[in-house]
Structures are given as structure tokens and as C-alpha cells.
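First the structure, in the form of C-alpha cells, and then the observations on it.
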2 protein chains.
Amino acid sequence: MAEPNPAEQIRQDFAPPQVAVEDAARAMEAFARGHYSEGRRVVLITSGGTKVPLESRTVRFLDNFSSGRRGAASAEYFLQAGYAVIFLHRHRSMYPYSRRYAATNWLDVLRLHLPSAPGDDAPRVEAEQSQLPGIVQILQDYKSMKESGRLLPIEFSTLSDYLHLLLAAAQALSPLGSSAMFYLAAAVSDFYIPASEIPEHKIQSSSGPLQITMKMVPKMLSPLVKDWAPKAFVVSFKLETDTEILIDKARKALSTYRHHVVVANILDTRRAFVVVVTDTEESKLSVSDEEDRSGLEIEDKIVKDLTSRHTQFITRT
Amino acid sequence: MAEPNPAEQIRQDFAPPQVAVEDAARAMEAFARGHYSEGRRVVLITSGGTKVPLESRTVRFLDNFSSGRRGAASAEYFLQAGYAVIFLHRHRSMYPYSRRYAATNWLDVLRLHLPSAPGDDAPRVEAEQSQLPGIVQILQDYKSMKESGRLLPIEFSTLSDYLHLLLAAAQALSPLGSSAMFYLAAAVSDFYIPASEIPEHKIQSSSGPLQITMKMVPKMLSPLVKDWAPKAFVVSFKLETDTEILIDKARKALSTYRHHVVVANILDTRRAFVVVVTDTEESKLSVSDEEDRSGLEIEDKIVKDLTSRHTQFITRT
């Protein structure tokens, strides 16, 4: 039996996407073309976890843990490095810059300044800066990033959304050749339920214990590297909880998919330590306690490492 | 075989909670006692969906759809009605008052006012009121609610957290007799994986298709009504996608659990229409398009209906 074409399989076997894929495709295509023509490199960052609905009118779904912190932080450092960034992220996951206040209830930090006498100005609503560390700098960075037009945010929720948008992104970036980077940090489900097997209505608990059988999601890294964007620089992430198998799994991914870098990390230590694995080497990146206290983030080091590898990659090809 | 004691089952069969249950129990107990002694009624609102981990070092989990909008909105109306409110909600689900700006990226609505000359004041960070409808009123309501001390927020993430906290809440409210109301709006999973069967590490996709078998969660409504808080006024919610079975299921729940009210609703129309089902009647509550445009929310009607039923309940008992 012939292997199914993965692009065809996305369209046929997965539930219809819940986002406007064609609009997003056009936006990504124009964004990539524009920045490339101005001599900029473009990185696609994927970020956050995917939802896999268990019902077509969805009440229940299978989810992957991911706040999207890594992707959102990395986007900032890629922007600093001069890249144009397509930020393909899970709806409501962390966002560049605003991620620093993700735990803030804004009503707690806003103060109402009522006019002191009739005829005064209207009431002012002012933010308490002592409760928003770094807010002046962050606001300046955020506004200047917006004005630069170098960030294109695109949202997904379900696995199907993600797969359709990844395919569209690859088609948008393919013309850029080696100037495009894929930085695949999203936590994508390995399993799904084929569209034809999803019940329409809420699963009834009165029917007894729940049996769920899920198929493996086709690995999109393979067609991405081989067919969709064969000249691009491709970085994937491997998150495990078991240290023993981590590097082996990273090596195996590289030899299976023939892409360029795996950033390998362990769930518990992922903010302080990663291993950048390529065909020929393993380099360890870490953030010391002292660096951490000074506000240095490991994504800063990861992005510096990868942009320099990307430069070498462009030079060699 | 004897039925297992549900409180025992929570402690033995579910993964350990990831929140500080004893601290929360003490806080709820003191809160309930204090407000009751001042003659106030106390409502426990549960809100948001529950996570069911598929791995003990959790990467994957089963989730229920719920933004927590209904619970957060209801909390505001119960506060308006003079109740003290324990708001037992899913981490990062919607929150009273701030829910109105849940889709706002605050960095987009903050303006930096830099000092115009050296020696001026420090920069001010001001919110653009035109982008935050009603913000002055909301801020005033929020601050006065905080000062009143009538809202106690408690967070959960997993199903196990929720069950442990619900049991603790019932014990805290039981001494209040009929002055306590349970308003169980959370979308609680019907299924779980017993602690003894959860794998420690991330499930490996290389092992082939995923088979998940989940047990049914014991219905806590039964022991809540019978044993944990037998004099309280108990309201549950029923959300379905299939109109055909909705009222039947609500009636069946009432006769099984012997509580007082089921608020029945359909996923697609839940913001405009509910049926309040009791042993003796069904009353329909709805919000017209015109009411909707004027800002009226169905939770306002639901809470008015239920507080008046609660008054009758207290009088009769």
C-alpha cells in the first residue's frame, strides 16, 4: 500500500479546522515575501499545546501541557536579532512581552484617579508601576516591535488547526530558501481521533467506563524537510521527563527526519538547561542561578546559538 | 460488596492534589463562620473545567471545555445580592470583574506618558479608556468588592484538586445549615484514571496507537446532599449538546441525588437560555436580543431566581 500523501491526509483525516486557514495563509505569504525582499530572515515559531477534540461539538478534549512561555520568550529574542517572526501560537497561550505579566490581575494594578473638583478632567486610570516590574521598558519594546511590523501572530486551538496552518506556513516560507527558519517549539499531540470516528454529541457518562483509541499523528517533520520547505533551516524540540532516553531520542529524530537541530530538554529543568543536538555535536546551554537572578533567560542563549548556526547554514548552502 | 465511602475514595483512588488543600480548608472554614455570624448567606460557586492527568509527571491530560464565564459572572451577581462568595475556580479561568477584559492584551491599551522635561515627574503608565468599555465603573465595583471581604477565591487545576477542595468546602459550609448554597457550575470530568494506573513518564508515541481506559468519577452530589452538608441548598448544572435528552437528564439527576435545583442548558444557546428545573416545576429563563444589547446577562436572571428560591428554602426549613 502506498504511503498516503501527508498534505492530503491532513485535509481528509482530520476534523475541519476551526480557524480561517486561507486568510492566515495569505497573510503569512505576504509577510514572508515582504520581509525577504528587504533582506530579512524569517522564522516561524510554533508555540503552545494542541487540543484534540473527543467530540465534534466539543466538550471534552485531550490536551498537552504547554504555557507557551518558551515560544513567546524566543519570539522576543528573534526580534532582537533582526528576524521577522511568524508566531503560530495556541489561543490564549503566552505572548511576547505581555507574557511577563501573565499572572497579573490587571484590575489589581490599576488605580482610579477621580477628578478632584467639578470642571476637572475626566477620571484617569493609571497603572501602579511598582507592581509591574520593568513595565516602562517593556511597553517601549512592545510598541517599537509593533511599529516595526516584524511580528505576525497567528492563532490555533486544535491539532487540526495547527496542522493546516503549519502546511500553509511551510508553503509561505519555501520561496525564501535557506533564509527561512522553522523553530518548532509547540507541544503537538502525538495522537488523534480520525474525523470519521468522532461522535457528534457529548459522550454520555451513563454508558460506563470510557474507552478511547487514538491513532498516531503522522510526523509532519518528514514532509516539511523533504517536500514543503526543503531548503529551510529546521529546528525541532524534544521534551521528555526521563533523562535516560532524551539524547537517544533526539539523535533518532535527526536521523529519521534529516533536519538540522533538536533542542532537547527535560520537563523539570527546561528553564535552566537544554542540549542543542546536531548530526555532529551536542552543545549544552545552561543558565546559572546568578544569571537567572540577573534576569537572563535560557531562550536568549538558545536563540543566539541558533541564529549563529543559521548564518553558517546560509553560508554553506 | 459495600459501597466505598466517597471521601475515602477521593483520598485513596485519586492522584494527590497539587494544591494546598488544608490551607484552603482553614480559609474557607474561617470565611464561612465569619460571614454567617454576621448574618450573611454564603454561596460556594464552582467554576471552570477540570484536568485529568494521563501521566503523573504531567505532559498530557484530558480536559473539559469551560472558560469559567458563567461562574465568574454569577459571582458578581451573588455579591450584588449580599452573599459572601467562595469562588472555587480553575486556575486561569475567568474571574469576577476582570472577565470583561479577558480578551484584552493590556500592553495594547497602556500608554506611556514620558516626562516632557528633565526634572518632571517619572513616566506615567495610563490606560486608554476608550478601549476598555466601562472600566471606571468596573474598577470601582472591583475595589469595593475587595474591601468588603466577601469574595474568597480558591484555585484548582486537576480533578483531584477539585474533589479534595469540594469535600473541604462542604465541611466548611455544613455548620451554616440552610444558609449555605452550593452553586456547582464547574465542568467536572466524568472520567478519571485511578492513581495506581497512571504511568510516571510521558507516554511514548513509538509504542503505537494510544488506548486509554477511564473509570467513571463517583458522583459527589450524592454524599454532598446526604452526608457532607445535608441542610444546604444545592444547585447543579447540566450542559448537553443534544436538546432531546436535556430535561430528562435534569429530572433524572434530581431524583437520583435529591438536591434542589438543576439549571439545564444547551452548549450553543447557554448564554441566552436556561431551564431551571426543580422537583415540581420547570421555569425558563431567557435573555432577548434587546436585553443582550443593553448588557443584561442571563446569570443576572439565574441568580435572582435562585436567591429567591433560597429564601423560600430557608423559610420552609
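The values are calculated or read from the model by the stated rules, or taken from the named source; none is laboratory data. All values derive from a computational prediction rather than experimental measurement. Positions of Cβ are generated from backbone atoms using ideal geometry, with glycine treated the same way; all protein chains shown enter the neighbour counts. Surface areas here come from the heavy atoms of the whole protein model, side chains and all, with no ligands, DNA or RNA. Shrake-Rupley method; radii C 1.70, N 1.55, O 1.52, S 1.80 Å.
Examine the stretch A:81-103 for a residue that is within 18 Å of B:Leu107 (Cβ to Cβ), more than 9 Å from chain B (Cβ to nearest Cβ) and in a helix (DSSP H, G or I), and state whether such a residue exists.
Checked the stretch A:81-103: at least one residue is within 18 Å of B:Leu107 (Cβ to Cβ), more than 9 Å from chain B (Cβ to nearest Cβ) and in a helix (DSSP H, G or I).
Can you say whether A:Ala27 is in contact (Cβ under 8 Å) with a residue 60 or more places away in the chain and under 23 Å from A:Leu306 (Cβ atoms), as far as the supplied structure shows?
Considered against the rule, which asks whether it is in contact (Cβ under 8 Å) with a residue 60 or more places away in the chain and under 23 Å from A:Leu306 (Cβ atoms), A:Ala27 comes out as no.
Quick check, is A:Asp121 in a helix (DSSP H, G or I), surrounded by fewer than 17 Cβ atoms within 10 Å (Cβ to Cβ), over 29 Å from the mean Cα position of the chain (by Cα) and within 14 Å of chain B (Cβ to nearest Cβ)?
For A:Asp121, the condition - in a helix (DSSP H, G or I), surrounded by fewer than 17 Cβ atoms within 10 Å (Cβ to Cβ), over 29 Å from the mean Cα position of the chain (by Cα) and within 14 Å of chain B (Cβ to nearest Cβ) - is not met.
Considering only the stretch B:113-144, state which residues are out of contact with any Asp or Glu (no Cβ under 8 Å at 6 or more places or on another chain) and aliphatic (A, V, I, L, M).
Those that are out of contact with any Asp or Glu (no Cβ under 8 Å at 6 or more places or on another chain) and aliphatic (A, V, I, L, M): B:Leu114, B:Ala117, B:Ala122, B:Leu132, B:Ile135, B:Val136, B:Ile138, B:Leu139.
Scan the stretch B:30-63 residue by residue and report those that are within 11 Å of chain A (Cβ to nearest Cβ) and polar (S, T, N, Q). Spell out how you get there, then give the answer.
Here is the first cut: in the stretch B:30-63, the ones within 11 Å of chain A (Cβ to nearest Cβ) are B:49-63.
Within the stretch B:30-63, B:Thr50, B:Ser56, B:Thr58 meet the criteria.
Is it the case that A:Pro153 is within 14 Å of chain B (Cβ to nearest Cβ), surrounded by fewer than 18 Cβ atoms within 10 Å (Cβ to Cβ) and under 15 Å from A:Ile86 (Cα atoms)?
Yes: the conditions hold for A:Pro153.
What are the residues in the stretch B:64-78 that are polar (S, T, N, Q) and more than 12 Å from chain A (Cβ to nearest Cβ), if any? I'd like the intermediate steps shown before the answer.
To start, the set of residues in the stretch B:64-78 that are polar (S, T, N, Q) comprises B:64, B:66-67, B:74.
Of everything in the stretch B:64-78, just one residue is polar (S, T, N, Q) and more than 12 Å from chain A (Cβ to nearest Cβ), namely B:Ser74.
Quick check on my filter: what residues within the stretch B:127-143 are open to solvent by 70 Å² or more (accessible area, probe 1.4 Å) and in a helix (DSSP H, G or I)?
If the condition is that a residue be open to solvent by 70 Å² or more (accessible area, probe 1.4 Å) and in a helix (DSSP H, G or I), then B:Ser130, B:Gln131, B:Gln137, B:Gln140 are the ones that fit.
Looking at A:Arg33, A:Arg40, A:Arg57, can you tell me which residue is within 21 Å of A:Leu152 (Cβ to Cβ), assigned to a loop (DSSP other than H, G, I, E, B), of a type outside the set (S, T, N, Q) and open to solvent by 40 Å² or more (accessible area, probe 1.4 Å)?
None of the others qualify; the one that does is A:Arg40.
Does A:Asp305 qualify as being among the charged types (D, E, K, R) and assigned to a helix (DSSP H, G or I)?
In short, yes.
Based on what the data block shows, is B:Val19 in a strand (DSSP E or B) and either surrounded by 14 or more Cβ atoms within 10 Å (Cβ to Cβ) or on the phi < 0 side of the Ramachandran plot (or both)?
no
List every residue pair whose Cβ atoms lie under 9 Å apart, where the two residues are 6 or more positions apart in sequence or sit on different chains, the first residue falls within the stretch B:124-149 and is more than 8 Å from every other protein chain (Cβ to nearest Cβ) and within 14 Å of A:Leu114 (Cα to Cα), and the second residue, located anywhere, is open to solvent by 20 Å² or more (accessible area, probe 1.4 Å) and hydroxyl-bearing (Ser, Thr, Tyr).
Listed by first residue and then by second, the contacts come to nothing, as the list is empty.
Is there a residue in the stretch B:2-21 that is in contact with a strand residue (DSSP E or B) (Cβ under 9 Å, 6 or more places away or on another chain), more than 30 Å from A:His91 (Cβ to Cβ) and not hydroxyl-bearing (Ser, Thr, Tyr)? Break it down stepwise before answering.
Looking only at the stretch B:2-21, we keep the residues that are in contact with a strand residue (DSSP E or B) (Cβ under 9 Å, 6 or more places away or on another chain), and these are B:13-15, B:17-19.
Filter once more, so that each one left must be more than 30 Å from A:His91 (Cβ to Cβ): B:13.
Narrowing further to those that are not hydroxyl-bearing (Ser, Thr, Tyr): B:13.
Scanning the stretch B:2-21, I find at least one residue that is in contact with a strand residue (DSSP E or B) (Cβ under 9 Å, 6 or more places away or on another chain), more than 30 Å from A:His91 (Cβ to Cβ) and not hydroxyl-bearing (Ser, Thr, Tyr), so the answer is yes.
Only one of (1) among the aromatic types (Phe, Trp, Tyr); (2) out of contact with any Gly (no Cβ under 7 Å at 6 or more places or on another chain); (3) touching a residue at least 40 places away in the same chain (Cβ under 8 Å) fails for A:Tyr101. Which number is that?
For A:Tyr101, the failing item is (3).
Residues in the stretch B:172-192: is at least one crowded, with 22+ Cβ neighbours inside 10 Å, over 19 Å from the mean Cα position of the chain (by Cα) and within 14 Å of chain A (Cβ to nearest Cβ)?
yes
Just to be sure, is A:Val235 in contact (Cβ under 8 Å) with a residue 12 or more places away in the chain, within 11 Å of chain B (Cβ to nearest Cβ), within 23 Å of A:Ala168 (Cα to Cα) and open to solvent by less than 50 Å² (accessible area, probe 1.4 Å)?
On the way: in contact (Cβ under 8 Å) with a residue 12 or more places away in the chain: yes; within 11 Å of chain B (Cβ to nearest Cβ): no; within 23 Å of A:Ala168 (Cα to Cα): yes; open to solvent by less than 50 Å² (accessible area, probe 1.4 Å): yes.
Taking the combined requirement at face value, the residue does not satisfy it.
For the stretch B:60-80, enumerate the residues that are open to solvent by less than 10 Å² (accessible area, probe 1.4 Å), within 25 Å of B:Ser160 (Cβ to Cβ) and assigned to a helix (DSSP H, G or I).
Selection gives B:Gly71, B:Ala72, B:Ser74, B:Ala75.
For residues in the stretch A:104-113 being open to solvent by 20 Å² or more (accessible area, probe 1.4 Å) and more than 7 Å from chain B (Cβ to nearest Cβ), which is farthest from A:Phe237 (Cα to Cα)?
Ranking the candidates gives A:His113 first.
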